[in-house]
Structure formats: structure tokens, C-alpha cells
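S.K.: Next up is a structure, given as C-alpha cells.
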Amino acid sequence: MTAVYSGGLAYEYTEEANKYGLTKIGADGKLTDKPDFAVLKAKFKATPNPAGDGGYNSTGGPSGCPKKSTTWDVDGDSLPAIPEAAKAVSFSRTVWEGPS
């Protein structure tokens, strides 16, 4: 994990039709904690906050791509070719092929 929390750490805060969520809103509008809320709260309490800046780029420019490694199987910063089958279902052929 990097030294900065980034992104969601819980799937859903309030329970919806899928029955996931840390809390439930009753018909009266009252918020009730579900069991997973206490579990997540305890885990957060037991986990130290990250330290450092997580590689923050203070120049305002784009960050460089990482070098190829055992955990990053990409070499360079070029995008891979779009498979033909993906072009057929993509949102816009113009993006891939340019204006006709």
C-alpha cells in the first residue's frame, strides 16, 4: 500500500436493495449502524495512518510511468493496440481511427 489512502475503503455506507452497507436508514429516517460498521471502525482504529506523501508530484506536471518490474508488467508509456473485437463495440470508432 502506498503512504496515502486513495479511493474507497468501504463498498457502501448506507444499505440499499443489494443489502450491502455499513448503516441502514429506517422508514423514519433514523440511521442505524449494522454489525460491519463496528468491525470496520475497530479495524480503522487499529491501523496507523499512512506516512509520507505516497509519491505525490509537486511539480503539477504528469507523473512518470513506473519502470517494468515483477509487479508492473508494462514497458514504456504507449497504450496497447485496441483489439479488433473491442473496436466493434467501443463507444466511438472515431477515437480509435480518427474522423472518416
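Derivation of every value follows stated rules applied to the coordinates shown; laboratory data play no part. It should be emphasised that the depicted structure is a prediction, and the values quoted were computed from it without experimental measurement. Reconstructed Cβ throughout: ideal geometry from the backbone, glycine too, with neighbour counts over all protein chains shown.
S.K.: Dipole size in debye (nearest 20) for the stretch 1-81 around its Cα centre, Lys and Arg Cβ +1, Asp and Glu Cβ -1?
M.R.: Charge dipole, the stretch 1-81, about its Cα centre: 320 debye, nearest 20.
S.K.: Something else about it: How high is the FRET efficiency between Y56 and T32 when r is their beta carbon distance and R₀ equals 30 Å, given to the nearest 0.05? If you can, show how the numbers build up before the last one.
M.R.: Working: r = 38 Å, r/R0 = 1.27.
For Y56 and T32, the calculated efficiency is 0.20.
S.K.: For the stretch 12-92, what is the convex hull volume of the alpha-carbon atoms per residue, in Å³? Intermediate results must be reported in sequence, preceding the final value.
M.R.: Values: hull volume 23.5 nm³, N = 81.
Given the Cα convex hull of the stretch 12-92, per-residue volume reads 290 Å³.
S.K.: Additional query: One quarter of the convex hull surface, Cα atoms only: what value does that give for the stretch 23-69 in nm²?
M.R.: 7.3
S.K.: Ranked by Cβ crowding within 10 angstrom, fewest neighbours first, how are E12, E84 ordered?
M.R.: On the way: E12 13, E84 7.
The order, fewest Cβ neighbours first, is E84, E12.
S.K.: Something else now. Enumerate the calculated ³J(HN,Hα) couplings along the stretch 72-83 in order (Karplus 6.51 cos²θ - 1.76 cosθ + 1.60, θ = phi - 60°), each rounded to whole Hz, writing x wherever the residue is Gly or Pro.
M.R.: Taking θ as phi minus 60°, the curve returns 9, 8, 9, 10, x, 10, 7, 6, x, 4, 7, x Hz for the stretch 72-83.
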